[in-house]
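Q: Mind having a look at this structure? Questions to follow.
The values are calculated or read from the model by the stated rules, or taken from the named source; none is laboratory data. Quick caveat, the model's predicted, so the values are computed rather than measured. Note that we place each Cβ from the backbone using ideal geometry, even for glycine, and neighbour counts take in every protein chain shown. Accessible surface areas use protein heavy atoms only, side chains included; no ligands, DNA or RNA. Shrake-Rupley method; radii C 1.70, N 1.55, O 1.52, S 1.80 Å.
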Amino acid sequence: MVAWLVHHARGNVRTEDLSVRRLILVLVAVLSLSTVPRTAASAVTVAIDPRAAVTVPVNGTRQFSAKVGGTTNTAVTWSLTPPPGVSAGAIGRISAAGKYTAPASPLPNFAAVTVTVTSAADPTARASNTITVVYPAPVLNGLSPASLPLGAFTLTASGSGFVSGARVQWNGAPLSTTVVSATQLTAVGTAAQPGTVNITVANPGPGPVSAVRTLSVISGVAVSVTPSSVSLSPGTTLQFKATVSGNTNTAVTWSVVGSPATGIIDATGLYTAPGSSPVGGVVTVYAVAAADGVTRGSASVSIQDPLALSNGRFLEQTTFGPTPASMAHLQQAGKAAFLAEQFALPESAWPYSSTTTRADAIDLFFGNALGGADQLRQRVIFALSEIIVVAMNKNTNGNEIVPWLSLLSRNAFGNYRTLLREITLDASMGKYLDLANSGVAGGAPNENYPREVMQLFSIGVSLLNIDGSVQTDSAGNPVPTYTQTDVQQLARALTGWTFNSATGMTGSGGNWNYYPGPMIPVPGKHVTSAKTVLGRVIPANQTIQQDLDSTIDTIFNHPNVGPFVATRLIRALVTSNPSPAYITRVAQAFNGGGTTARGDMKNVLQAILLDPEARNDTPPSTFGRLRTPMQHTIALARALNLDPGPASQFAYLFYGMNEGLLDAPSVFGHYSPLFHIPRSPWFGPEFQIYAVSDAIDRANLFYYLIASPWPIDPVLQPFVAIAADPTALVNAIDTTLLYGRMLPQTRAAILTSTPTMYDANQRVLNALYLTFTSGEYLVQH
């Protein structure tokens with residue numbers, strides 16, 4: 001059947017043309033009907049299950065089923081077709097219900113039988129499959145002898161289901177085999193090397209093989225290495241000796257597991273330890289007998305750096321955490337030379353543009369701290385960023401943050417006076433603490449920056465003694481360093497500065513939001529009357545630059561600056577509770593004298609980091625400082641060579657740890673430098689943000705880092721390789737993260753839990769997790 005639709009062309013249709021049109025329509029209809037395909041009658045279909053070729057053991061059965069479609073008559077018939085040359089009586093039988101029964105033996109050459117199901121409604125509708133009849137799997141119960149020497153052997157296998165042509169297999173390869181009976185085989189062969197061999201039995205044909213039985217091949221050769229266990233310092237040498245018995249060929253081949261990172265050994269057995277302790281601290285040396293190429297003896301070498309603890313602590317204070325490479329370098333260079341090298345290194349880059357984003361700033365800050373060669377500079381930048389604060393909660397874009405970081409970087413090893421002057425004119429700080437355009441529009445000068453430059457950046461709120469202790473009056477009250485009048489006077493002295501511009505010029509109304517370069521003066525907007533700041537008179541009618549230098553000199557030369565800066569930097573780098581004597585020595589270094597200028601940061605840092613109190617490698621329990629979440633994360637990544645990726649991808653996690661990266665909640669930083677550990681007399685600034693949520697979030701982040709990609713970060717394979725020995729594993733982690741100072745109770749707890757882990761990866765993850773979340777690693781001692 002067809003449906004017609006006639007479309008008429010535009011224009012008139014004449015009456016005399018209608019008969020012609022009818023003829024055309026009839027012809028079109030005839031032609032159309034002749035070309036339309038006819039719908040075929042519904043076809044009968046048959047499907048067989050299973051559809052894939054099957055195997056059936058001799059005398060076994062297999063049920064087939066059929067599904068018929070296209071008809072209501074679902075009756076079928078089943079039939080078997082033998083392969084060429086095989087009689088129908090040798091192929092088994094199939095019932096009317098499709099149940100196949102195999103013959104008592106396989107078909108010749110294990111040829112396949114074809115099973116066919118045919119529709120009763122349409123004999124042309126059929127489906128087929130093939131069946132291969134096989135011998136059942138033999139059963140292997142025992143082997144005699146249970147072990148074999150090297151060389152020719154005869155082996156007896158006992159079991160059941162052995163048929164003519166059965167073979168004993170040696171690691172899957174058939175041996176020359178004699179079938180003694182259905183329950184016994186004998187096989188001959190040659191054992192070429194010692195070790196464990198998998199023995200199976202296979203009956204002829206494609207059928208399954210027996211279960212595996214193992215057999216030991218024992219060499220008469222034995223190798224021993226002396227000394228079998230020894231401790232060496234990095235870079236030293238030791239001559240090993242191998243003794244071979246059981247063969248006249250006493251030659252051996254020497255090797256070191258993990259060489260060259262774990263040391264090298266020559267053909268005579270002379271071992272040279274690596275320059276630094278490898279991961280785990282334990283190296284295995286092998287001597288393999290040339291007589292059989294397999295038998296070996298071993299020796300265990302513990303590479304114990306006697307300076308590991310001292311160097312590790314030093315690098316914890318001068319970098320974001322030791323790496324194997326930095327430990328090796330410090331071992332060779334020494335501490336003073338290391339500092340000199342760090343002072344001489346160029347700065348890590350702080351690329352800037354007007355389109356620099358928050359993510360760019362975070363990636364620079366975290367990335368330089370993680371991988372910058374100028375590690376000491378990065379630690380000082382981090383310390384200064386908690387003293388001289390700018391934060392993204394106000395300076396929301398990366399281009400408003402990076403100039404501040406760059407300023408801290410270039411002044412980290414300079415002079416503190418220069419730092420104070422540059423930060424005063426810094427556009428990022430000008431926005432954050434409102435000095436930009438102060439007094440430009442009239443009204444009272446802004447007092448925000450003038451107050452904080454004294455309170456937080458230089459002299460603090462109370463007069464200090466040289467040892468950092470607070471001076472008190474006769475009533476025992478702290479003596480203030482400045483008054484509100486000082487703040488107001490300083491604010492007047494700092495009026496008239498505005499943002500720079502692309503042209504370096506400004507009108508009387510000032511500029512807005514331009515962060516490259518320092519701020520510039522607005523003509524006629526600086527208060528030129530006399531001011532008195534901290535007891536010093538700033539004369540009237542000075543230029544804006546002269547007033548700036550006068551105020552910076554007044555603040556910088558205040559006697560509080562030395563002990564103030566000393567205390568802040570010691571707490572940021574070494575310990576939260578330095579002794580008064582320690583503060584005094586560093587404050588004196590800040591004050592300078594002789595050829596050393598006041599405020600020389602290199603001199604201050606050397607005094608902090610080389611002080612006897614910092615270099616005491618058996619400090620009291622109150623010594624040290626809590627790592628912040630960022631410091632903790634980077635220290636772990638550097639120690640284990642983890643790659644956390646761009647920090648902007650996981651920076652949101654640090655808000656849950658109360659340390660939003662580059663986003664301190666206030667001008668006081670993420671934590672107060674004067675915070676005390678609750679219910680104790682001890683300072684612990686970083687403990688102010690260490691809450692339960694911080695502890696959990698740190699642990700979760702660290703576990704993700706070491707377990708990704710699942711099941712374990714590949715860089716941890718050296719630990720996995722020794723995880724079968726829990727003691728060796730814990731020793732290795734202790735050496736890597738704690739430089740051998742793990743407390744006995746911590747070690748016992750980890751050893752108790754580690755054997756319960758179900759595989760080597762889990763043992764490593766467990767032992768690392770318990771170590772890096774312990775107080776011993778949380779606190780930089």
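Q: For a Förster distance of 45 Å, can you work out the FRET efficiency between the beta-carbons of residue 146 and residue 304, rounded to the nearest 0.05? Don't jump to the answer; show the numbers that get you there.
A: Numbers: r = 43 Å, r/R0 = 0.96.
That pair, residue 146 with residue 304, gives E of 0.55.
Q: Within the stretch 241-257, what residues put their amide N at less than 14 Å from the label point 7 Å along the Cα-to-Cβ vector of residue 268?
A: 241-242
Q: So how much slack lies between residue 124 and residue 171, counting 0.36 nm per residue of separation and subtracting their Cα-Cα distance, in nm?
A: Once the chain is fully extended between residue 124 and residue 171, it gains 11.9 nm.
Q: Using the heavy atoms of the protein chains alone and a 1.4 angstrom probe, what is the accessible area of the chain per residue in square angstrom?
A: 45
Q: How about the stretch 479-576: which chymotrypsin sites (Phe, Trp or Tyr not before Pro) there lie in a loop by DSSP and see at most 16 other Cβ atoms within 10 Å?
A: Details: sites: 482, 497, 499, 512, 514, 556, 564; in loops: 482, 499, 512, 514.
Qualifying residues, ordered by number: 512.
Q: Let me ask another. Pulled fully out, how much extra length does the chain show between residue 179 and residue 49, if you take 0.36 nm times their separation in residues and subtract their Cα-Cα distance?
A: Separation in residues times 0.36 nm, less the Cα-Cα distance, equals 43.0 nm.
Q: Separate question: Rounded, prolate or oblate for the chain? Axes are the square roots of the Cα gyration tensor eigenvalues, ordered a ≥ b ≥ c, and the cut-off for rounded is a/c under 1.5.
A: Oblate shape, in that a/c is at least 1.5 and b/c is the bigger or equal ratio.
Q: Give the shape of the stretch 612-725 as rounded, prolate or oblate, defined through the alpha-carbon gyration tensor: a ≥ b ≥ c are the square roots of its eigenvalues, a/c under 1.5 means rounded, and otherwise the shape is prolate if a/b is larger than b/c and oblate if not.
A: Oblate shape, in that a/c is at least 1.5 and b/c is the bigger or equal ratio.
Q: Still on this model: So if I take the centroid of the Cα atoms in the stretch 667-740 and the same for the stretch 753-781, what is the distance between those two points in Å?
A: Here the two parts' Cα centres lie 9 Å apart.
Q: Could you work out how much longer the chain between residue 357 and residue 248 gets when fully extended? Use 0.36 nm per residue separation minus the Cα distance between them, nm to one decimal.
A: Answer, rounded to one decimal: 31.9 nm.
Q: Calculate how many DSSP beta bridges within the chain are antiparallel, expressed in % of all such bridges and rounded to the nearest 5.
A: Here the antiparallel bridges make up roughly 90 percent for the chain.
Q: Roughly how many debye, to the nearest 20, is the charge dipole of the stretch 386-454 about its Cα centre, given +1 on each Lys and Arg Cβ, -1 on each Asp and Glu Cβ, and no other charges?
A: Dipole of the stretch 386-454, to the nearest 20 debye: 140 debye.
Q: Right, next: Hey, how many Å between the Cα centroid of the stretch 346-390 and the Cα centroid of the stretch 45-89?
A: So the two Cα centres are separated by 76 Å.
Q: While we're looking at this one, here's another question. For the chain, what is the mean residue ellipticity at 222 nm derived from helices alone (per DSSP H run of n ≥ 4: -39500 (n - 2.57); sum divided by total residues; nearest 500 deg cm²/dmol)?
A: -9000 deg cm²/dmol
Q: Got a sec? Charge dipole of the chain, +1 on Cβ for Lys and Arg, -1 for Asp and Glu; which of 206, 769, 242 is way out at the positive end?
A: The residue sitting most towards the positive pole is 206.
Q: I would also like to ask the following. Could I have the simple spin-label model distance between residue 230 and residue 294, label points 7 Å from Cα toward Cβ, reported in nm to one decimal?
A: Using points 7 Å along Cα→Cβ, the separation is 3.0 nm.
Q: With all protein chains present, how much of the accessible area of the chain (probe radius 1.4 Å) comes from carbon and sulfur, to the nearest whole percent?
A: The computed percentage sits at 57.
Q: Please work out whether the stretch 96-159 counts as rounded, prolate or oblate from its C-alpha gyration tensor, where a ≥ b ≥ c are the square roots of the eigenvalues and a/c under 1.5 means rounded, while otherwise a/b larger than b/c means prolate and anything else oblate?
A: It comes out prolate by the Cα gyration axes.
Q: Further question on the same structure: Relative to the Cα centre, what is the charge dipole magnitude of the chain, using +1 at the beta carbon of each Lys and Arg, -1 at the beta carbon of each Asp and Glu, and rounding to the nearest 20 debye?
A: Rounded to the nearest 20 debye, it is 2240 debye.
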